[in-house]
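Below is one structure; the comments refer to it alone.
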Amino acid sequence: MVLCPKGLRVGARLFPCAIGRGGVRADKREGDGATPVGIHRIVGCLYRADRIACPNGWAVPIGPRDLWSDDDGDAAYNHLVRAPYAPSHEHLRRADPLYDLILITDWNYPDATPGRGSAIFMHQWRMPRYPTAGCVALRRDHLHALAAWLKPGAELIVPRTLASSG
C-alpha cells in the first residue's frame, strides 16, 4: 500500500483516504496531527465484535476497558492499556464507528520513543477525506476489504515526497 496525493494505492486500485490534519511529516511529534513518513508495517488488527464480524483470522476483539496510551511520560506510551488507567489515553471502544475496525501500524511501536507520536492506525473515516489526528482513514467498505485481504507485516508506505516542509 502506498499513500499517494489522490489516495491509497493498493495494487491497481486507488482508495480515497484521509490523512492527518497536520499533513505528512518526516519529523512526526506527539500531538502534531501529522501522518508520519516511512514504511509502516501492519502489526495488529482490532475490531468491535459487538458491531462487526471478525474481519480476518488474526483480529482481536476490542474490550470495554481497552485504551491506547498517548502519554509520552508513561512506560506504556503508544501501547494498548486497560482501564482504569490514569495517564492520557484514547478510548478504543468509541460511541461512533471510527474504531470499529483498526489496523495498527508499527509507527513508534513496540519500542516507543517519548514524543515521537502514538496511535498511527488505519481506521474508518469520519466523512470523505475529513482529516485525522495522524492516522490514515478510509471508507468503511474499503477498510473492511483491506482488513480481510492484508496479512500481518503488510506495508503502508508514506513517501517522503508527500511531506510538508513546515
**Item:** Signed unit charges on C-beta, dipole axis of segment 8-166, positive-most listed residue A147, W58, A83
**Value:** A147
**Fill in**
With x for Gly and Pro, the residue-by-residue ³J(HN,Hα) of segment 149-159, computed from phi through the Karplus equation 6.51 cos²θ - 1.76 cosθ + 1.60 at θ = phi - 60° and given in whole Hz, is 8, 5, 10, x, x, 4, 9, 9, 9, 10, x
**Request:** Take the Cα pairs of segment 49-96, get the Kirkwood Rh, then feed it into Stokes-Einstein at 20 °C and 1.002 mPa s and tell me D in µm²/s.
**Result:** 182 µm²/s
**Prompt:** Which value in nm describes the separation of the simple spin-label points at D111 and V2, placed 7 Å from the Cα toward the beta carbon?
**Reply:** 3.0 nm
**Asked** Going by accessible area, probe 1.4 Å, with all protein chains left in place, what is the ranking of M1, M127, M122, largest first?
**Response** M127, M1, M122
**Request:** Could you sort 97-109, 6-18 so that the peptide with the highest average Cβ count within 10 Å comes first and the rest follow in order?
**Result:** 97-109, 6-18
**Complete:** In whole µm²/s, the translational diffusion coefficient that Stokes-Einstein assigns to the chain, given a Kirkwood hydrodynamic radius over C-alpha pairs, 4 °C and 1.567 mPa s, equals 82 µm²/s
**Prompt:** Quick one: Kirkwood hydrodynamic radius for segment 85-129, alpha-carbon pairs, angstrom, one decimal?
**Reply:** 12.2 Å
**Message:** Once neighbouring chains are kept in place and the probe is 1.4 Å, which whole percent of the accessible area of segment 10-121 is contributed by carbon and sulfur?
**Reply:** 52 percent
**Complete:** Counting only DSSP beta bridges fully inside the chain, the antiparallel percentage to nearest 5 is 70 percent
**Prompt:** If you place +1 on the Cβ of every Lys and Arg, -1 on the Cβ of every Asp and Glu, and leave all else neutral, what size is the dipole of the chain about its Cα centre, to the nearest 20 Debye?
**Reply:** 680 debye
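D74: net charge of surrounding residues, Cβ under 15 Å, Lys/Arg +1, Asp/Glu -1, itself excluded? Provide the component values of the computation, followed by the final result.
Numbers: positive: R82, R116; negative: E30, D70, D71, D72, E90, D111.
Value of the local net charge: -4.
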**Prompt:** Restricting attention to segment 96-166, which trypsin sites (Lys or Arg not before Pro) occupy a DSSP loop and are surrounded by at most 15 other Cβ atoms within 10 Å?
**Reply:** R126, R129
**Value of [θ]222 nm, deg cm²/dmol, for the chain, DSSP H segments ≥ 4, -39500 (n - 2.57) each, nearest 500** = -2000 deg cm²/dmol
**Asked** In Å², what does the accessible area per residue of segment 58-157 work out to with a 1.4 Å probe?
**Response** 46 Å²
**Fill in**
Which residues qualify? For Q124, with a placed amide H closer than 5 Å and at least 5 residues away or on another chain, they are D100, L101, L138
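The values are calculated or read from the model by the stated rules, or taken from the named source; none is laboratory data. No experiment lies behind these values; they were computed from the predicted model shown. Ideal geometry is used to build each Cβ from the backbone, glycine not excepted, and the neighbour counts take in all protein chains shown. The protein model used for the area step is the full one, side chains on, heavy atoms only, and it has no ligands, DNA or RNA in it. Shrake-Rupley method; radii C 1.70, N 1.55, O 1.52, S 1.80 Å.
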